[in-house]
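Take a look at the structure set out below.
The values are calculated or read from the model by the stated rules, or taken from the named source; none is laboratory data. Keep in mind the model is a prediction, meaning the values are calculated, not measured. Glycine also receives a Cβ, built like all others from the backbone with ideal geometry; neighbour counts cover every protein chain displayed.
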Amino acid sequence: MDKQNAFRGTAEQEAKLKAVIDESRTTPGCLMHVLQEAQGIYGYLPIEVQTMIAEGLGISLSEVFGVATFYSQFSLKPKGKHRISVCLGTACYVKGSDKILAELEKELGIKCGECTEDGLFSIDSCRCVGACGLAPVMMIGDEVYGKLTPEMVKGIIDKYKEAEYDNH
Amino acid sequence: MTITELDAIRKRKEDLIKVRRVVKEEGEKLAAKTGYRKQVLVCGGTGCTSSHSMQVIEQLEKSLKELKINDILIVKTGCFGLCALGPIMIVYPEGAFYAQMTPEHVKTVAEKHLVKGGEIVKELLYQGTVTKSGDIIPFSETPFYKKQMRIALRNCGVVAPEDIEEAIAAGDYAALEKVLTKMTPDDVVNEMLASGLRGRGGAGFPTGRKWAFAKASQGTEKYVCCNADEGDPGAFMDRSVLEGDPHCVLEAMTIAGYAIGSHHGFIYVRAEYPIAVQRLRIAIAQARECGLLGKNILGSGFDFDIEIRLGAGAFVCGEETALMTSIEGHRGEPRPRPPFPAVKGLFGKPTILNNVETWANVNPIIMNGAAWFSSIGTPTSSGTKVFALGGKITNVGLVEVPMGTTLREIVEEIGGGIPNGKKFKAAQTGGPSGGCIPAECIDTPIDYDSLLAIGSMMGSGGMIILDEDTCMVDISKFYLEFTADESCGKCTPCRIGTKRLLQLLTKITEGKGEMEDLVKIEELATHMKQSSLCALGQSAPNPVLSTMRYFRDEYVAHIEKKTCPAGVCKALLSYYIDPDKCKGCTLCARNCPVKAISGAIKTPHIIDKTKCVKCGLCIANCKFNAVVRK
């Protein structure tokens with residue numbers, strides 16, 4: 001694994017994960033819940049975290065890996081600080097969300113599913129956030145941006161970039 | 001909680017809720033009794049929250065404080081339905097329906113309308129409620145609401161979903177009380193059977209029969225599940241019910257538990273619906289605290305409790321056996337049926353699984369009787385159906401209509417027609433499993449059987465309206481991309497079939513198709529329908545088959561003429577500038593991202609087709625309509 005993506009889990013994160021595992025162990029079918037919590041703690045599910053879960057729950061790593069790769073919500077790779085998710089549900093699609101995605105890819109210089117080198121942005125597509133009245137929509141973190149046009153994309157991204165520079 | 005306490009809550013809050021259901025004089029009289037001069041309802045559903053309705057509430061609280069108004073109640077509700085005009089705010093007892101509110105607008109309304117002796121601010125109202133002569137009509141009389149009949153959505157946009165007392169006062173848990181005190185489990189199952197209610201998740205299986213099978217199954221442990229894994233893109237009916245009236249689902253599941261002899265329920269809900277999940281959590285906690293979930297419910301001796309399980313983004317988990325496998329913590333893959341879940345379901349025990357909207361119909365059926373319910377709708381599809389109306393339609397939003405309402409009524413009257421003067425081309429129902437209803441079938445009544453007869457299906461209720469700018473080949477390709485991506489891979493017909501279908505469609509949209517491909521598509525589709533393990537694979541070819549049935553000429557145009565009539569498929573388009581119309585303003589050339597346009601100022605420009613990436617920016621920029629796309 002390359003240096004940039006090397007696992008950098010802290011003892012504090014590990015303690016949190018252990019607590020989740022301990023409290024869920026007796027619930028039948030708890031694996032998905034544990035994976036969801038683990039992704040909340042680490043931001044993604046690298047093999048190291050999956051191994052801890054397998055050992056903690058007393059199941060095989062292949063079973064954990066199988067579930068983690070089955071569901072689209074789980075990510076084995078780190079995501080950007082600002083997670084952009086473009087809705088490609090039908091209502092958004094017929095209103096041109098593919099063009100929004102293309103504009104974002106152009107603006108950030110990465111493809112859907114990737115993360116920018118500085119770790120600030122990652123782009124994913126999702127299937128319907130249920131805000132069809134505002135189609136086409138995208139989410140950045142928990143913020144929903146609706147009634148988008150490709151021209152609006154740069155301005156929105158710039159807002160996040162400026163906020164980052166202000167922090168430094 | 002005892003039944004007496006339940007009654008006390010109803011008495012205390014009844015008028016408060018009633019004010020929101022009646023308007024004008026009666027409402028004003030009632031409002032006087034509630035202690036609140038006015039009530040302001042603000043939508044806190046996902047649509048309006050995304051257009052910043054929380055800021056509306058904040059500003060409202062601030063303004064009322066500044067104006068020293070303390071006899072107005074602010075209520076954060078679920079969806080009112082007209083999502084395109086959010087954030088929405090309704091003031092009772094007048095029933096003034098304010099749309100597209102901003103904090104600035106809220107300030108104006110507070111100062112001019114909410115103060116004592118204030119007047120409705122007409123220009124901020126939803127303009128559908130203002131007649132040409134300037135009179136204000138109740139919003140229930142507007143075309144969007146007039147033809148609707150709200151049974152499943154009866155409390156959405158009426159109660160505060162995070163307040164169990166409001167839910168109780170609005171009628172939730174009355175059916176549970178009736179069932180536990182006056183009905184036997186057999187009575188309940190028989191009532192459901194007689195109602196003719198069919199599963200609202202898409203397949204339309206009679207709910208009562210499901211319950212009867214599960215009741216007849218022997219076993220010490222049985223489960224009741226709620227399918228809230230609404231993965232059909234463009235559908236948000238279930239989300240709206242959970243966000244607007246979560247208690248109606250908890251109540252209905254408890255009733256089913258009593259009917260079939262189960263003490264444990266699971267709600268499997270998409271993690272992509274954070275507001276719905278949070279409201280469900282609050283509702284369950286409140287119901288437990290009141291003793292409406294847990295041990296000895298309402299002193300009846302019956303125990304029932306509900307757990308939430310979060311999905312993690314897999315469309316196939318909407319299939320019943322896959323959903324149960326997922327609750328068990330595994331990869332959400334379906335398994336062959338039989339055995340059906342009613343015999344061997346979750347954790348190998350008899351289980352019933354119903355969709356959110358199906359659950360939302362249980363209370364009214366128990367309270368008003370099966371005869372009442374089956375009198376609504378058509379003989380084989382009783383009751384109403386909720387649709388999430390989206391796409392190229394003026395009134396995007398949530399609508400509930402009696403079964404048998406025609407597509408024309410939904411599109412032209414309720415939906416307000418197609419925006420920008422475009423022509424209606426087709427309605428897509430049933431999402432990736434469904435098909436399209438073309439313009440020539442616009443008078444088809446919407447019910448399970450009529451839709452199947454024309455090659456579509458009811459589906460869970462997503463209804464996407466398409467106009468003349470939509471390419472039907474492209475839209476089938478879009479759905480196949482979806483199903484190919486979401487196929488779980490367990491069975492070959494679906495795993496390989498969706499991929500091959502997608503390849504064939506891609507070939508056609510890229511202008512490399514041959515007429516023979518259409519035959520191949522039909523053959524492959526038939527095999528997939530017959531031999532896939534679950535409904536995902538069995539129904540994946542539907543979008544292609546139904547578009548081929550009604551829009552075959554578009555497929556042929558892509559293949560033989562190598563053109564896309566709707567002007568969507570990029571590979572088949574070319575751009576050129578009409579020299580007679582071009583004024584040589586240079587705007588297109590300056591904005592072309594690949595510098596494909598050349599020409600001197602005030603002389604007609606030319607597009608270099610070898611450089612053009614067909615982005616369409618020149619069309620958008622040209623003020624003289626000189627750029628043509630063919």
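Below, the figures for the structure above:
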| item | result |
| --- | --- |
| Residue in segment B:539-560 that is surrounded by fewer than 21 Cβ atoms within 10 Å (Cβ to Cβ), touching a Lys or Arg at 6+ places or on another chain (Cβ under 7 Å) and part of a loop (DSSP other than H, G, I, E, B) present | no |
| Hits in segment B:211-230 (condition: buried (at least 24 other Cβ atoms within 10 Å of the Cβ) and not hydrophobic (A, V, I, L, M, F, W, C)) | B:Tyr223, B:Asn227, B:Asp229, B:Glu230 |
| Leading residue by the ranking (farthest from B:Ser326 (Cα to Cα)) among those in segment A:25-41 that are among the polar types (S, T, N, Q) and facing another protein chain (nearest Cβ under 10 Å) | A:Gln39 |
| In segment B:233-256, the residues that are over 14 Å from B:Gly45 (Cβ atoms) and facing chain A (nearest Cβ under 9 Å) | B:Pro233, B:Gly234, B:Ala235 |
| Residue within segment A:48-66 that is assigned to a helix (DSSP H, G or I), at pLDDT below 95, within 11 Å of chain B (Cβ to nearest Cβ) and surrounded by 17 or more Cβ atoms within 10 Å (Cβ to Cβ) present | no |
| Positions within segment B:1-58 being closer than 28 Å to A:Gly146 by Cβ and assigned to a loop (DSSP other than H, G, I, E, B), in sequence order | B:Arg20, B:Gly44, B:Gly45, B:Ser51, B:His52 |
| Search result, residues across segment B:562-583 that are assigned to a loop (DSSP other than H, G, I, E, B) and within 37 Å of the chain's Cα centre (by Cα) | B:Lys562, B:Thr563, B:Cys564, B:Pro565, B:Ala566, B:Gly567, B:Val568, B:Cys569, B:Leu573 |
| Evaluation of B:Pro93 against (1) within 14 Å of another protein chain (Cβ to nearest Cβ); (2) out of contact with any Pro (no Cβ under 9 Å at 6 or more places or on another chain); (3) not basic (Lys, Arg) (one fails), failing number | (1) |
| Any chance A:Ile123 is more than 8 Å from chain B (Cβ to nearest Cβ) and surrounded by 22 or more Cβ atoms within 10 Å (Cβ to Cβ) | yes |
| Failed item in (1) part of a loop (DSSP other than H, G, I, E, B); (2) surrounded by 15 or more Cβ atoms within 10 Å (Cβ to Cβ), with B:Gly117 passing the rest | (2) |
| B:Lys68 being part of a loop (DSSP other than H, G, I, E, B), free of Cβ contacts under 8 Å to residues at least 12 places away in the same chain and out of contact with any Lys or Arg (no Cβ under 6 Å at 6 or more places or on another chain) | yes |
| Selected residue [touching a Pro at 6+ places or on another chain (Cβ under 7 Å) and free of Cβ contacts under 8 Å to residues at least 60 places away in the same chain] from A:Gly43, A:Gly58 | A:Gly43 |
| Residue that is nearest to the other protein chains (Cβ to nearest Cβ) [pool: residues in segment B:296-312 that are among the hydrophobic types (A, V, I, L, M, F, W, C) and within 17 Å of B:Phe266 (Cα to Cα)] | B:Ala312 |
| Test: residue in segment B:270-288 that is more than 14 Å from chain A (Cβ to nearest Cβ) and not in a helix (DSSP H, G or I) | no |
| Count of segment A:67-111 residues which are within 12 Å of chain B (Cβ to nearest Cβ), of a type outside the set (Gly, Ala, Ser) and under 18 Å from the mean Cα position of the chain (by Cα) | 8 |
| Selection count, segment B:435-446, where residues are surrounded by fewer than 24 Cβ atoms within 10 Å (Cβ to Cβ) and outside any helix (DSSP H, G or I) | 5 |
| Some residue of segment B:154-170 being in a helix (DSSP H, G or I), within 19 Å of B:Ile57 (Cβ to Cβ) and out of contact with any Gly (no Cβ under 8 Å at 6 or more places or on another chain) | yes |
| Residues (within 14 Å of another protein chain (Cβ to nearest Cβ) and touching a Pro at 6+ places or on another chain (Cβ under 8 Å)) located in segment B:358-392 | B:Lys392 |
| Residues of segment B:172-190 satisfying the condition of being under 28 Å from the mean Cα position of the chain (by Cα) and surrounded by fewer than 22 Cβ atoms within 10 Å (Cβ to Cβ) | B:Ala174 |
| Test: residue in segment B:42-60 that is within 14 Å of chain A (Cβ to nearest Cβ) and over 23 Å from the mean Cα position of the chain (by Cα) | yes |
| Candidates A:Lys77, A:Lys16 - the one that is basic (Lys, Arg), more than 29 Å from A:Ile156 (Cα to Cα) and not assigned by TED's automatic domain parsing to the domain that holds A:Ile157 | A:Lys16 |
| Matching residues, segment B:457-490, being in contact (Cβ under 8 Å) with a residue 40 or more places away in the chain, within 11 Å of chain A (Cβ to nearest Cβ), more than 21 Å from the chain's Cα centre (by Cα) and not in a loop (DSSP other than H, G, I, E, B) | B:Asp474 |
| Matching entry among B:Glu307, B:Glu289 (being surrounded by fewer than 16 Cβ atoms within 10 Å (Cβ to Cβ) and under 17 Å from B:Ala252 (Cβ atoms)) | B:Glu307 |
| Single unsatisfied condition, A:Asp158 versus (1) away from chain B (no Cβ under 14 Å); (2) in contact with an Asp or Glu (Cβ under 8 Å, 6 or more places away or on another chain) | (2) |
